[in-house]
Amino acid sequence: MAVQTDTAAVHRESPAVRWAKENLFSTWYNSLLTLIFGALFVWLGFSVIRWVFFEAEWEIVRVNLTLFMVGRFPREELARVWVSNFLIAGAIGLMAGAAAASAAAAAKEAGLPFTQSTPRNWLQRFWPILLLVVILLQFSQTWTPTVLTLVTIAIGVGARYVGLHLPRAVRRWAWLIVVVMLIGAYGALSWFGGVKWDSWGGLHLTLFVTVAGIVLAFPLGLLLALGRRSSLPLVRMLSVGYIEFIRGVPLITLLLMGIFALGFLLPPGVDPSDVTRLIVAITLFTAAYVAENVRGGLQAVPKGQTEAGQALGLSPWKVMRLIVLPQALRAVIPAMVGQFISLFKDTSLLVVVGIVELLQVSSIANNQPEFLGRGLAEVTLPFVALIYWVGSYTMSRESRRLEKKLGVGER
Amino acid sequence: MTQENVYADATRVRGDVIIELQGVDKHFGDFQALKNINLNVGKQEVIVVMGPSGSGKSTLIRCINRLEKHDAGRIVVDGVELSDDIRNIQEIRRETGMVFQQFNLFPHLTVLDNITLAPRQVRNVPKKEAEELAMRQLERVKIPEQAQKYPGQLSGGQQQRVAIARSLAMQPKVMLFDEPTSALDPEMIKEVLDAMVELAESGMTMIVVTHEMGFARAVANRVLFMADGEVVEVGTPEHIFENPDEDRTKLFLSQIL
Ligand SMILES: Nc1ncnc2c1ncn2[C@@H]1O[C@H](COP(=O)(O)OP(=O)(O)OP(=O)(O)O)[C@@H](O)[C@H]1O
Ligand SMILES: [Mg+2]
């Protein structure tokens, strides 16, 4: 009887109303919770909007935008930053295109459905970055950065197109082109009388340290994980000792040691710059955690996989490289990306050793005569937080996507 | 009433010996899993190994390709004695295919790549040739149309046939099977057994751990009955199934029938 009246009602209601009835107002206490939280959200949203658009004094960010982006990078050399941006955009685009092309080819050969990304799901994937870019451009007020940003994006999109249509034989070497382009990006900044990285800063330095940390820590962590499984006791002991030591020490201690304490380890006359020391410290730190992640992945690969490889006559090294590692690494992508997200966020610790990273820029800006004592950290800190959030959220989202994609061959 | 058991001596074979086990022992800690195993396998012979759970069947065949290391006695495969020398081990593994209960296909590779991996990496067969070889093996086990799929997309019976094709692609002289059908749903057992029968009839030397009596009757030259790490009894399928000499064999057969 009750069921009948329900179905009759359903016919008249729109799906949205029905959804709300089923999920938000199913019982009296559910309704109560809905009302309380609804009110809370409305109030929060209202406050945030009022603050962002009417109360917050964004002037401090507007004036210091370049400082936030590149720190104390000499202003007359800024063209170098853009050249390196172009190269990086090209490299990323090329890589993405080549990867998409191989994925499509593999799927086609396997007779599997393969959906190319459409502009719509590009928007879904990268709206935070887009939002950030729009905010930054809105602050910049001049045309040059807008035009140059558009050029950067155009280069990225163009490179992706090129990568997508590379002949197969060239595609295999795409990674080499990418590496050359990335080295070129570094060179554009510092070669030919350029700016050494000790004078880099802001978001630019944060990204650079993050990428360098990832690129260096990954292979080192992999080696440590393999070392931990080695049949040679010495190698095993060293790996375990290293991993356990590093994991027992807070990153900030390592950073301070890198700057102040470890000079005696270096041969006389060698005095690396602070940024170099910090990149090394961050790499050494992250590698230990990467090693533990990889170890987890290695343990998750069933023993039967190794045995099947051995039974076929593959050497132990080939069993590891061709059978165990690919499966292990695939299993630890989420953990690994989580690690790299921490690394990205932990670059904020560089503030304590006086590097001009984002937090440092925030405090520099607040100490400028015209902003001093006006409590504008309440503006600069949310701005910095937004930048970190955009980076972290995008990474974690992309990792989930990758995980799903790589799940194709799952048992 | 007793039929003479011509194969009662596990070391007696017709023709050339290809696998030779002499006084093989294997311990796991204090537990002795294999006790003084003596067995000769002739070329093109098919041996079925039976016995209760924990009797050492898997351990026995895993010692032959050194997935387990025996701790006393001699194992010689095709004239090469197993030793700690990794080159000896590799040589024997190249000549010895193995099919596992759990298939153990590589889930991250397509069927075709699963099969071409070892020929390319171990025997340095060029890619194209390896793929042709792989397709021939897939035709042999009657699933060439699955070449581009991933193992996870296949049924258990298909996976096990891919596993057989993968071993065959190395063109081994001996094939070892460890309960190849016991992880399969009943309706898939036949397709795998058919492939194995075909293989036996083509003259492959095989040691098969299985409780499929029909298979044993159809192609086994000898049945080896194991219990508690020992070879209890050896003989033709007829002899072992109809007139076993040992009480342990009788008891076991009464339980699985
Ligand atoms: N890696 C190992 N460590 C310790 N003991 C083991 C190991 N492998 C096997 N054993 C023991 O050795 C004995 C023989 O094992 P095996 O796997 O050879 O038996 P099986 O005849 O194949 O049995 P099943 O029919 O259950 O497969 C068992 O008692 C088992 O517990
Ligand atoms: Mg077993």
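Within segment B:214-225, how many residues turn out to be touching a strand residue (DSSP E or B) at 6+ places or on another chain (Cβ under 6 Å) and either assigned to a helix (DSSP H, G or I) or within 16 Å of ligand 1 (Cβ to nearest atom) (or both)?
Going through segment B:214-225 one residue at a time, the tally reaches 5.
Somewhere in segment B:8-19, is a residue in a loop (DSSP other than H, G, I, E, B), facing chain A (nearest Cβ under 10 Å) and of a type outside the set (Val, Ile, Thr)? Outline the logic, then answer.
Within segment B:8-19, the first condition is being in a loop (DSSP other than H, G, I, E, B), and the residues that meet it are B:8-16.
Among the residues that remain, those that are also facing chain A (nearest Cβ under 10 Å) are: none.
No, because not a single residue in segment B:8-19 is in a loop (DSSP other than H, G, I, E, B), facing chain A (nearest Cβ under 10 Å) and of a type outside the set (Val, Ile, Thr).
Please work out if residue B:172 is modelled with pLDDT of 95 or more, of a type outside the set (Ser, Thr, Tyr) and away from ligand 1 (no atom under 16 Å from the Cβ).
Details: modelled with pLDDT of 95 or more: yes; of a type outside the set (Ser, Thr, Tyr): yes; away from ligand 1 (no atom under 16 Å from the Cβ): yes.
Yes, satisfied.
Please give the helices (runs of 4 or more DSSP H) falling wholly within segment A:270-386 in which 3 or more residues are crowded, with 17+ Cβ neighbours inside 10 Å and within 22 Å of the chain's Cα centre (by Cα).
On the way: elements: A:274-300, A:303-311, A:325-331, A:333-346, A:358-366.
Passing ranges, in order: A:274-300, A:325-331, A:333-346, A:358-366.
Quick one: count up the residues across segment B:154-163 that are farther than 13 Å from residue B:112 by Cα and in contact with a Phe, Trp or Tyr (Cβ under 9 Å, 6 or more places away or on another chain).
Number of matching residues: 2.
Return yes when residue B:83 is of a type in the set (S, T, N, Q), more than 14 Å from every other protein chain (Cβ to nearest Cβ), within 16 Å of ligand 2 (Cβ to nearest atom) and over 13 Å from residue B:179 (Cα atoms) and no when it is not. Steps first, answer last, please.
On the way: of a type in the set (S, T, N, Q): yes; more than 14 Å from every other protein chain (Cβ to nearest Cβ): yes; within 16 Å of ligand 2 (Cβ to nearest atom): no; over 13 Å from residue B:179 (Cα atoms): yes.
Against the criterion (of a type in the set (S, T, N, Q), more than 14 Å from every other protein chain (Cβ to nearest Cβ), within 16 Å of ligand 2 (Cβ to nearest atom) and over 13 Å from residue B:179 (Cα atoms)), residue B:83 does not qualify.
Where residues in segment B:44-65 are away from chain A (no Cβ under 14 Å) and away from ligand 1 (no atom under 12 Å from the Cβ), which of them is farthest from residue B:213 (Cα to Cα)?
Within segment B:44-65, the subset away from chain A (no Cβ under 14 Å) is B:44-57, B:60.
Going one step further and asking which of them are away from ligand 1 (no atom under 12 Å from the Cβ), we end up with B:44-48.
Details: B:44: 20, B:45: 17, B:46: 13, B:47: 12, B:48: 9 Å.
Across segment B:44-65, the extreme among qualifying residues is B:44.
Mind checking which residues of segment B:7-43 are within 14 Å of ligand 1 (Cβ to nearest atom) and touching a helix residue (DSSP H, G or I) at 6+ places or on another chain (Cβ under 9 Å)?
If we filter segment B:7-43 for residues that are within 14 Å of ligand 1 (Cβ to nearest atom), which is where we start, we get B:24-35, B:37.
Across segment B:7-43, the qualifying residues are B:24, B:26, B:28, B:33, B:34, B:37.
When only residues in segment B:66-78 that are on the phi > 0 side of the Ramachandran plot and in contact with an Asp or Glu (Cβ under 9 Å, 6 or more places away or on another chain) count, which is nearest to ligand 1 (Cβ to nearest atom)? Lay out the reasoning, then the answer.
Filtering segment B:66-78 down to residues on the phi > 0 side of the Ramachandran plot leaves B:66, B:73, B:78.
Imposing the further condition that a residue be in contact with an Asp or Glu (Cβ under 9 Å, 6 or more places away or on another chain) reduces the set to B:73, B:78.
Working: B:73: 16, B:78: 23 Å.
Once the filter is applied, the top-ranked residue is B:73.
Can you pull out every residue in segment B:87-103 that is under 22 Å from residue A:301 (Cβ atoms), free of Cβ contacts under 8 Å to residues at least 60 places away in the same chain and more than 8 Å from chain A (Cβ to nearest Cβ)?
Answer for segment B:87-103, where residues must be under 22 Å from residue A:301 (Cβ atoms), free of Cβ contacts under 8 Å to residues at least 60 places away in the same chain and more than 8 Å from chain A (Cβ to nearest Cβ): just B:89.
Mind listing whichever residues of segment A:245-269 are at pLDDT 85 or above and either touching a helix residue (DSSP H, G or I) at 6+ places or on another chain (Cβ under 6 Å) or surrounded by 12 or more Cβ atoms within 10 Å (Cβ to Cβ) (or both)? Lay out the reasoning, then the answer.
As a first pass, look at segment A:245-269 and keep what is at pLDDT 85 or above: A:245-260.
Of everything in segment A:245-269, those that are at pLDDT 85 or above and either touching a helix residue (DSSP H, G or I) at 6+ places or on another chain (Cβ under 6 Å) or surrounded by 12 or more Cβ atoms within 10 Å (Cβ to Cβ) (or both) turn out to be A:246, A:247, A:249, A:251, A:252, A:253, A:254, A:255, A:256, A:257, A:258, A:259.
Go through A:312, A:278 for me and flag whichever is more than 10 Å from chain B (Cβ to nearest Cβ) and not small (Gly, Ala, Ser). Spell out how you get there, then give the answer.
On the way: A:312 fails: more than 10 Å from chain B (Cβ to nearest Cβ).
Step by step, each of A:312, A:278 is checked, and only A:278 is more than 10 Å from chain B (Cβ to nearest Cβ) and not small (Gly, Ala, Ser).
Just the residues that are outside any loop (DSSP other than H, G, I, E, B) and in contact with a Gly (Cβ under 6 Å, 6 or more places away or on another chain), please, taken from segment B:80-117. If you could, list the steps in order and put the result at the bottom.
As a first pass, look at segment B:80-117 and keep what is outside any loop (DSSP other than H, G, I, E, B): B:80-81, B:86-99, B:111-117.
Once the filter is applied, which keeps residues that are outside any loop (DSSP other than H, G, I, E, B) and in contact with a Gly (Cβ under 6 Å, 6 or more places away or on another chain), segment B:80-117 yields B:90, B:93, B:94.
Could you please give the count of residues in segment B:16-75 that are farther than 16 Å from residue B:231 by Cβ, more than 16 Å from ligand 2 (Cβ to nearest atom) and hydrophobic (A, V, I, L, M, F, W, C)?
3
Has segment A:217-233 got at least one residue that is under 30 Å from residue A:75 (Cβ atoms), under 19 Å from the mean Cα position of the chain (by Cα) and not small (Gly, Ala, Ser)? First the steps, then the outcome.
Our first condition is that a residue be under 30 Å from residue A:75 (Cβ atoms); within segment A:217-233, this holds for none.
Checked against the condition, which is being under 30 Å from residue A:75 (Cβ atoms), under 19 Å from the mean Cα position of the chain (by Cα) and not small (Gly, Ala, Ser), segment A:217-233 yields no hits at all.
Taking the conditions exactly as written (outside any loop (DSSP other than H, G, I, E, B), within 10 Å of chain A (Cβ to nearest Cβ) and among the small types (Gly, Ala, Ser)), does residue B:157 satisfy them or not? Outline the logic, then answer.
On the way: outside any loop (DSSP other than H, G, I, E, B): yes; within 10 Å of chain A (Cβ to nearest Cβ): no; among the small types (Gly, Ala, Ser): yes.
Spelling it out, it is not the case that residue B:157 is outside any loop (DSSP other than H, G, I, E, B), within 10 Å of chain A (Cβ to nearest Cβ) and among the small types (Gly, Ala, Ser).
Going through segment B:170-182 one residue at a time, which ones are within 11 Å of chain A (Cβ to nearest Cβ) and within 13 Å of ligand 2 (Cβ to nearest atom)?
B:176, B:178
The values are calculated or read from the model by the stated rules, or taken from the named source; none is laboratory data. Since this is a predicted model, take the numbers as computed values, not measurements. Every residue, glycine among them, receives a Cβ derived from its backbone with ideal geometry; neighbour counts consider all protein chains shown.
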